[in-house]
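Presented below is the structure to which this report refers.
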Amino acid sequence: MGKNQHVVPREGGWAVQGAGNDRATSVHDTQAGAIDRARDIARNQESELLIHGRNGQIRARDSYGGDPFPPRG
């Protein structure tokens, strides 16, 4: 399982950043563009996609691998 991918606000746009990385993987003008790129990376790495709002709080998340089936609990 790869690093979780975060879509975070950046000055003048949105960035895709792997968990624990100091630098952005890519920077986009729109949040939608960043989400599309982060989704591709998360699918490839079988990790999670975490989408942050303008205030920095996580507003949505998707998982692309490693989920137990059937779900626990």
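The values are calculated or read from the model by the stated rules, or taken from the named source; none is laboratory data. Just so we're clear, the structure is a prediction, and the values are computed from it rather than from any experiment. Quick reminder, even Gly has a Cβ in these numbers, built from the backbone with ideal geometry, and neighbours come from all protein chains shown. Protein only, heavy atoms only, side chains kept; ligands, DNA and RNA dropped before computing areas. Shrake-Rupley method; radii C 1.70, N 1.55, O 1.52, S 1.80 Å.
Structure values in brief
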| quantity | calculated |
| --- | --- |
| Angstrom value of the Kirkwood radius, inverse mean 1/r, which spans all Cα pairs in the chain | 12.4 |
| Protection proxy ranking of 34-41, 21-28 - average other beta-carbon atoms within 10 Å, highest first | 34-41, 21-28 |
| The chain: relative contact order as a whole-number percent, Cα under 8 Å and 6+ apart | 31 |
| Accessible area in square angstrom per residue, the range 1-60, 1.4 angstrom probe | 60 |
